[in-house]
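Colleague: Can you keep this structure in mind? I'll have questions shortly.
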Amino acid sequence: MFQDILVTGLVNGGVYALLAIGFSLIFGVARIVNIAHTAFYMLAAYALYGLAVKAGLPLAAALPASVIGVVVSLACYKLAIEPVRQHDAAVLIATIALALIFQESLLIAFGGHYLGVPALVDGFAVILGVRVSYQRLVVLAAVAVALLATWFLLNRTRLGLAIRATANDLEIANLMGMNVNRVAMLTVGISATLAAVAGLVVAPVFVVDPFMWL
């Protein structure tokens, strides 16, 4: 039982880590509390369900559905968040409204049922006497790759240096010639990508429903 709880905890913890890192990136760089961040995680899961189950595409071909959530998140940031970015209360209200709009839209489109997505990899492995599905191992591998890629981006690239500089001191970064608005936009894209990866890997393991963003 302990090993089973440990594996489940690692899967859940990996998903939460991806969501938390994306949330903290937006907060650190753009100085906004994006309540709608996990709604993009939900959108990616539903996009995968729609393409893999409703449209009948192979799961591997449906995985690029994450692009939908990223594009939607960038559009939401540009149209709904950036114009009121200097007002904390307005940002909070706008992001809550966005999340509720996504929730109600998915309720109308798919209903309030718990939906399942077929596993990308069938079968299981026995690790320390515990049967662990290959799909959960895929989740752990995808989370590890995403976290390492994020670390590399932040610590080994010019964009990562700009993100860290902007997060450290927005005003000084702006005075040094950095386009802080563009950095903020790129950071939103990165954070939405992390949320989309979380949604795509968790959909075949758990259920998809319109309240999963909560």
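Each value in this text was obtained by applying a stated rule to the coordinates, not by laboratory testing. Keep in mind that what you see is a predicted model, and the values were worked out from it rather than measured. We place every Cβ from the backbone using ideal geometry, glycine too, and count neighbours over all the protein chains shown.
Colleague: How many nm separate the modelled label positions at L100 and M176, each set 7 Å beyond the Cα in the direction of the Cβ?
Modeller: Those two pseudo-labels are separated by 4.1 nm.
Colleague: So what J values fall out for segment 188-195 if you push phi through Karplus, 6.51 cos²θ - 1.76 cosθ + 1.60 with θ = phi - 60°, rounded to Hz, Gly and Pro as x?
Modeller: After applying 6.51 cos²θ - 1.76 cosθ + 1.60, I find 4, x, 5, 5, 5, 5, 4, 5 Hz.
Colleague: Among residues other than A30 whose Cβ falls under 13 Å from its Cβ, what is the net charge (Lys/Arg +1, Asp/Glu -1)? The partial results should precede the final answer.
Modeller: Working: positive: R31, K78, R85, R182; negative: E82, D88.
Neighbourhood net charge equals +2.
Colleague: Name all residues of segment 24-62 having a backbone nitrogen under 16 Å from the label point set 7 Å from the Cα of L92 along its Cα→Cβ direction, giving them as ranges.
Modeller: Residues 27, 31-37 qualify, since their backbone N sits under 16 Å from the label point.
Colleague: Can you work out ³J(HN,Hα) from phi for every residue in segment 199-206, in order, using Karplus 6.51 cos²θ - 1.76 cosθ + 1.60 and θ = phi - 60°, giving whole Hz and x for Gly and Pro?
Modeller: These are the phi-based 3J(HN,Hα) values: x, 5, 7, 8, 4, x, 8, 10 Hz.
Colleague: How big is the chain along each principal axis, measuring the range of its Cα positions in Å and listing the largest first?
Modeller: On the principal axes, the chain reaches 57, 40, 31 Å in Cα extent.
Colleague: Out of residues 5 or more away from F124 or on other chains, whose amide H comes under 5 Å of its own, with H placed 1.01 Å from N in the peptide plane?
Modeller: Y134
Colleague: Sticking with this structure for a sec: Given 0.36 nm per residue, what is the gain on full extension from V71 to A55 after removing their alpha carbon distance, in nm? Before the final figure, lay out the partial values.
Modeller: Details: separation 16, 0.36 × 16 = 5.76 nm, distance 2.06 nm.
So the extension gain works out to 3.7 nm.
Colleague: Could you derive backbone 3J(HN,Hα) for segment 93-100 from the dihedral phi with the Karplus parameters 6.51, -1.76 and 1.60 (θ = phi - 60°), listing whole Hz in sequence and x where the residue is Gly or Pro?
Modeller: Whole-Hz 3J(HN,Hα) from phi for segment 93-100: 5, 5, 6, 5, 4, 4, 4, 5.
Colleague: Summing Lys, Arg as +1 and Asp, Glu as -1, what charge do residues with Cβ under 15 Å from the Cβ of R131 carry, R131 excluded?
Modeller: Here the charged neighbours net out to -1.
Colleague: Let me ask something additional. For segment 134-214, which chymotrypsin sites (Phe, Trp or Tyr not before Pro) are in a loop by DSSP, counting at most 14 other Cβ atoms within 10 Å?
Modeller: Answer in residue order: F211.
Colleague: Which log10 I(q)/I(0) values does segment 99-176 give at q = 0.12, 0.24, 0.25, 0.28 Å⁻¹ under the Debye formula, counting every alpha carbon as one identical point scatterer?
Modeller: Ignoring solvent entirely, the Cα scatterers give -0.74, -1.01, -1.05, -1.17.
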